[in-house]
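Participant: If you scroll down you'll find the structure; I have some questions about it.
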Amino acid sequence: MSYENILVETRGKVGLITLNRPKVLNALNSDLIAELDEALNVFDRDPEIGATVITGSEKAFAAGADIKAMADYEYPQTYMMDYITSWDQIAQKRKPVIAAVAGFALGGGCELAMMCDFILAAESAQFGQPEIKLGVMPGAGGTQRLTRFVGKSKAMEMCLTGRMIDASEAERSGLVSRVVANDDLVDEAIKAAEKIASFSTPIVMMTKESVNRSYEVTLAEGIRFERRLFHSMFATSDQKEGMKAFMEKRKPEFEDG
Ligand code: CO8
């Protein structure tokens with residue numbers, strides 16, 4: 001598939017996807033999301049890829065859903081095409097996806113970043129859910145995921161007033177894993193992805209699945225799920241190799257088995 005709204009490349013075992021609608025600050029439309037979904041699926045299926053980074057431009061990760069594209073929609077149309085539901089596929093990928101955010105991550109842009117497994121922010125990053133100013137509310141998980149990240153009070157304030165938060169407030173409130181210098185953003189994200197890709201891919205995938213499970217089930221259910229996966233890891237050659245290498249004081253050579 002050739003892509004018109006994103007740039008796709010690989011750096012060793014890391015997939016790198018750059019949102020590429022610079023004239024509209026990477027505003028998200030259905031074509032862009034379909035391309036992003038397809039590129040992530042290709043990386044998910046590729047045994048050579050261990051993790052993926054999604055980034056935008058220096059000015060904007062993404063300034064939200066494309067307002068010009070949706071301004072004239074009518075209710076039956078949004079209902080019949082189930083507008084935005086398929087966008088959540090981005091959150092369903094099995095290998096890790098890191099959002100590297102510089103500049104604006106607003107509305108659907110903030111929601112897209114939150115669909116990733118973690119967010120690295122450049123100092124320039126600004127996060128917000130400004131939909132209220134447009135006469136709507138977040139529609140791609142903003143009221144749900146943001147609340148889980150930053151808690152009720154801050155999520156409520158952001159969704160009800162549209163106030164943006166900068167990178168350091170986002171780090172303090174748990175929305176991003178860390179803040180890096182603007183110039184280092186993509187390199188740092190790729191370094192983190194390379195680190196992940198150096199481990200056993202099935203073990204990485206199970207770890208991601210287990211952390212995500214914590215959002216959906218009770219603590220007791222989640223711990224039972226974790227335990228089952230943990231036990232299953234003793235059936236892998238990578239568990240044998242990882243622990244043997246530790247005892248032999250050498251680097252493990254995982255073979256994804
Ligand atoms: N949609 C369409 N075009 C946009 C968008 C957008 N979201 N954001 C910016 N643009 C366009 C502008 O219209 C402008 O185009 P033009 O040059 O043709 O006028 C160009 O990008 C540059 O923008 P500005 O001139 O406005 O740049 P500034 O630096 O002055 O301002 C801002 C930057 C503050 C980011 C400003 O552009 C802005 O407020 N944008 C809108 C932000 C917003 O409201 N986002 C929420 C959109 S609603 C939404 O996301 C609903 C979620 C639905 C689910 C999505 C699932 C992933």
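Participant: Which of G139, I54, V211 sits closest to the plus end of the dipole of the chain, meaning its Cα is farthest towards the positive end, when Lys and Arg get +1 and Asp and Glu get -1 on the C-beta?
Facilitator: The Cα lying farthest towards the positive end belongs to V211.
Participant: Under the rule of at least 5 residues apart or a separate chain, name every residue whose amide H is placed under 5 Å from the amide H of R11.
Facilitator: Residues meeting the criterion, in which the H sits 1.01 Å from N, are L16.
Participant: Would you look at the GNM of the chain, springs on alpha carbons closer than 10 Å, and say which of F246, F61, F104 moves the most?
Facilitator: Comparing F246, F61, F104 in a Gaussian network model of the chain, the most mobile one is F246.
Participant: Can I ask one more? Excluding residues fewer than 8 places away in the same chain, name every one of the aspartates and glutamates whose C-alpha is closer than 14 Å to that of K154.
Facilitator: D166, E169, E171
Participant: Also, I was wondering about something else. Using only the alpha-carbon atoms of segment 168-257 as identical scatterers, what base-10 log of I(q)/I(0) does the Debye formula give at q = 0.12, 0.24 Å⁻¹?
Facilitator: Here the Debye-derived log intensity ratios amount to -0.56, -1.11.
Participant: Given bins 10 angstrom wide, list per bin the percent of all Cα-Cα distances in segment 109-164, short to long.
Facilitator: 24, 59, 17
Participant: Would you calculate, for the chain, the mean residue ellipticity at 222 nm contributed by helices, counting each DSSP H stretch of 4 or more residues as -39,500 (n - 2.57) and dividing by all residues, to the nearest 500?
Facilitator: Helices in the chain give a 222 nm mean residue ellipticity of -12500 deg cm²/dmol.
Participant: Can you compute 3J(HN,Hα) from phi for each residue in segment 51-66, using the Karplus curve 6.51 cos²θ - 1.76 cosθ + 1.60 with θ = phi - 60°, rounded to whole Hz and x for Gly and Pro?
Facilitator: Karplus values, whole Hz, x for Gly and Pro: 6, 10, 10, 10, 9, x, 9, 5, 7, 8, 5, 6, 8, x, 5, 5.
Participant: For the cross-link pairs K152/K208; K13/K93; K23/K68, which exceed 19 Å when the distance is taken from alpha carbon to alpha carbon?
Facilitator: Among K152/K208; K13/K93; K23/K68, the Cα-Cα distance tops 19 Å for K152/K208.
Participant: If you don't mind, there's one more thing I want to ask. I need the phi-derived Karplus couplings for segment 122-136: 6.51 cos²θ - 1.76 cosθ + 1.60, θ = phi - 60°, integer Hz, Gly and Pro marked x.
Facilitator: In residue order, the calculated couplings are 7, 4, 7, 5, 9, 10, x, 10, x, 4, 4, 6, 9, x, 9 Hz.
Participant: How large is the dipole of segment 6-197 about the Cα centre if only Lys and Arg carry +1 and Asp and Glu carry -1, each at its Cβ, rounded to the nearest 20 debye?
Facilitator: Around 460 debye, computed over segment 6-197.
Participant: Give the whole-number value, in cubic angstrom per residue, of the convex hull volume spanned by the C-alpha atoms of segment 200-248.
Facilitator: Value for segment 200-248: 68 Å³ per residue.
Participant: Next up: In a GNM of the chain with a 10 Å cut-off on Cα contacts, which of A245, A65, A100 has the highest mean-square fluctuation?
Facilitator: Sorting by GNM fluctuation, first place goes to A245.
Participant: If you take all C-alpha pairs in the chain, what percent of them are over 32 Å apart?
Facilitator: Of all Cα-Cα pairs in the chain, 24 percent lie more than 32 Å apart.
Participant: Would you kindly state how much longer the chain becomes between A220 and K240 on full extension, computed as 0.36 nm times their sequence separation minus their alpha carbon distance, in nm to one decimal?
Facilitator: 4.4 nm
Participant: Take the chain, connect every pair of alpha-carbon atoms lying under 10 Å apart with a spring to form a Gaussian network, then pick out the residue of T218, T161, T55 with the largest mean-square fluctuation.
Facilitator: Checking each option, the largest mean-square fluctuation is seen for T218.
Participant: Can you give the angle from 0 to 90° between the axis of helix 30-45 and the longest principal axis of the chain, with both taken from C-alpha atoms, to the nearest 10?
Facilitator: Result, in degrees: 0.
Participant: Expressed in nm to one decimal, what extension gain is obtained for the pair K23 and L160 from 0.36 nm per residue of sequence separation less their Cα-Cα distance?
Facilitator: The span from K23 to L160 would gain 46.5 nm if fully extended.
Participant: Please label the shape of segment 99-237 as rounded, prolate or oblate, based on the square roots a ≥ b ≥ c of the eigenvalues of the alpha-carbon gyration tensor (a/c under 1.5 means rounded; beyond that, a/b larger than b/c means prolate, else oblate).
Facilitator: Oblate is the answer for segment 99-237, as a/c is 1.5 or above yet b/c matches or exceeds a/b.
Participant: Percent relative contact order of the chain, based on C-alpha pairs within less than 8 angstrom and at least six residues apart?
Facilitator: 16
Every number here is computed from the coordinates shown, using simple stated rules; none is lab data. Keep in mind the model is a prediction, meaning the values are calculated, not measured. Cβ sites come from the backbone with ideal geometry, for glycine too, and all protein chains shown count toward neighbours.
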